[in-house]
Amino acid sequence: MGTQILVALLLSLLFLYGEFSRVQTASVYSSRLIHRFSDEAASYWASKGKNVSLLDRGTAEHMKVLLSSDLKRQRLKLGSHNQLLIPSHGSKTFFYGNDMGWLHYTWIDIGTPNVSFLVALDAGSDLLWVPCDCVQCAPLSSSFYSMLDRDLSQYNPSLSSTSKHLSCSNQLCQLGPNCKNPKEHCPYNVDYYSENTSSSGFLFQDQLHLVSVDGLANKSLLHASVIVGCGSKQSGSYLDGSAPDGLMGLGPGEISVPSLLAKSGLVPHSFSLCFDNSYSGRIYFGDQGPGIQRSAPFLSYEGEYSGYFVKVEDYCMGSFCLKQNGFQALVDSGSSFTYMPYEAYKLVVAEFDKRVNSTRTGIEDFPYCYQARSHGQQNFPSMKLVLAMNQSFAIQNPMFQFTSYEGTDLHCLGIIPIDGEIGIIGQNFMLGYRMVFDWENMKLGWSHSSCQDVSDSNNENITTPPNGLSVNPLPSEHQSPPKGHAISPAVAGRTPGQHSAASSSSLILSRYCKTTLLLLLLLKSTLFYRYLFRAI
């Protein structure tokens, strides 16, 4: 039977070769292949004065060596395409609870010489801004923030040798059409979801200090050109201390740090955030996640791909699901809690309250709080979101702990109703996950994680780039603002073209090679199993 299969495979190869010869008459070059574990290879190395011992073919040891070699080559191949970037202080993010607005922060360095800033991380906006030439800013003294051991910084563009102002004519200046003169300094004004919360000032181009992480012992420092908002005036919660030292917008807009890093060709247009159950976390630029992650596609909102929107098909609690049309939701790390359209919210909290066997004590903005038990752990129903393509997103812990003014320990449901039809998936639902915002492939990815997936030790050997130059500067000045709406990168430029005779020949060659490869793999696997069974 084995001989018949082999003959059939050889006849198929001969047939394909004949078909290929009719359309391709170019010269064919051949080269002899020598396996590294063959007798001939051993003779070659012996002629060079090296003694190479060979394993018996078909033994378990032989197969282990081959498998080990394959895995090593795969790691090398993946490593060359898996460079990640992290801030120069490291990938670690910090959480300070209610003392700083329940957000996550990381340290970054900007400018030359570099100045450090503790910026809030926000996937729901695009701009990186820091306090600068302050007219109305939050306090920067460490005495105002009990958890900090040093004062926060203020950006001074005139003291950075790599800083230059962005003109109104630059394509990244959104308010350029409002300028009287295209050579004027580009202003900015960003309004956020929180009521009366905003930041305004002027835009500069400067260097962000990063470290490349490629899985090797040596890591290198590089400087990427980014747009920095000189935030002279803040309002709302930013004056109360939720982003006293600035904010890094991680959205998909052209002006965001992930977009500019991708435009520079440094990493794919993707990043990941990880928040573990102890509220520590990590951030990686260029991370597209593990192969085992679940994923759901990003959606457009009002005809534009302007944020990380996904479709929530259903909301389940234990065995109960809402069984309605669902809603769109913005995945936003800058929101501490999760927001649901009012109709869906009413169904969820009503079912939740029925399932909790505890005394409810509502507080302002959070009516579904329950007194903590003095003995034993509180039991709350399991929850999950069902996203597009029936992808399940289990919620690790929808509750947060809170101590009331009376000193009572409470467990509060971190879900808030919101007007309109758009919800927000906030940080509290992301705990325990490595969240991947992959704009290059237009999908959200998630996988369970302890936030220690990628090494970020402090003993790396950092080398500086030649001449200290930044990599791939931003678009030059005197460019007109972009027209029209952004479209999904996944469908951009997909226009049909005409095939030439050369392309037809290449197509046949491609099909021939693929078919031959499949047949050879089948033959190889047949021989492999013969060796394996012989070893057994």
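The values are calculated or read from the model by the stated rules, or taken from the named source; none is laboratory data. Please read all numbers here as calculations on a predicted model, not as lab measurements. We place every Cβ from the backbone using ideal geometry, glycine too, and count neighbours over all the protein chains shown. Each accessible area value is taken on the protein alone, full model and side chains, heavy atoms only, with ligands, DNA and RNA left out. Shrake-Rupley method; radii C 1.70, N 1.55, O 1.52, S 1.80 Å.
Structure notes:
- Just so you know, in the range 222-280 the residues that are out of contact with any helix residue (DSSP H, G or I) (no Cβ under 7 Å at 6 or more places or on another chain) and at positive phi include one that is modelled with the lowest pLDDT, and it is Y279.
- Screening the candidates S200, S270 for the property of being crowded, with 23+ Cβ neighbours inside 10 Å and either among the polar types (S, T, N, Q) or in contact with a Lys or Arg (Cβ under 7 Å, 6 or more places away or on another chain) (or both) yields one hit, S270.
- Matching residues in the range 298-334 - criterion: being acidic (D, E) and within 19 Å of P398 (Cα to Cα): E313, D314, D332
- Matching residues in the range 205-249 - criterion: being touching a strand residue (DSSP E or B) at 6+ places or on another chain (Cβ under 6 Å) and either outside any strand (DSSP E or B) or open to solvent by 30 Å² or more (accessible area, probe 1.4 Å) (or both): N218, S220, L221, K233, A243, D245, G246
- Evaluation of C134 against (1) at pLDDT 95 or above; (2) in a loop (DSSP other than H, G, I, E, B) (one fails), failing number: (2)
- Selected residue [within 22 Å of Y238 (Cβ to Cβ) and aliphatic (A, V, I, L, M)] from L222, L172, L208: L208
- Inside the range 433-448, residues that are open to solvent by 10 Å² or more (accessible area, probe 1.4 Å) and out of contact with any helix residue (DSSP H, G or I) (no Cβ under 9 Å at 6 or more places or on another chain) make up a count of 6.
- In the range 145-165, the residue that is nearest to V226 (Cα to Cα) out of those that are surrounded by 13 or more Cβ atoms within 10 Å (Cβ to Cβ) and among the hydrophobic types (A, V, I, L, M, F, W, C) is L152.
- The listed residues are W102, W107, W129, and the only one of them that is buried (at least 16 other Cβ atoms within 10 Å of the Cβ) and free of Cβ contacts under 8 Å to residues at least 40 places away in the same chain turns out to be W107.
- Put simply, of S116, S142 the only residue that is at pLDDT 95 or above, touching an Asp or Glu at 6+ places or on another chain (Cβ under 6 Å), of a type outside the set (V, I, T) and open to solvent by 10 Å² or more (accessible area, probe 1.4 Å) is S116.
- Residue list for the range 264-279, restricted to those being touching a residue at least 24 places away in the same chain (Cβ under 8 Å) and of a type outside the set (A, V, I, L, M): S264, G265, P268, H269, S270, F271, S272, C274, F275, D276, N277, Y279
- The strands (runs of 3 or more DSSP E) found entirely in the range 297-416 that carry 3 or more residues being open to solvent by less than 20 Å² (accessible area, probe 1.4 Å) and touching a Leu at 6+ places or on another chain (Cβ under 9 Å) are 304-317.
- Selection of first residues in the range 166-178 that are open to solvent by 20 Å² or more (accessible area, probe 1.4 Å) and of second residues that are hydroxyl-bearing (S, T, Y), restricted to Cβ pairs under 8 Å at least 6 apart or on distinct chains, gives the following pairs, ordered by first then second residue: Q171/S480; Q174/Y188; L175/Y188.
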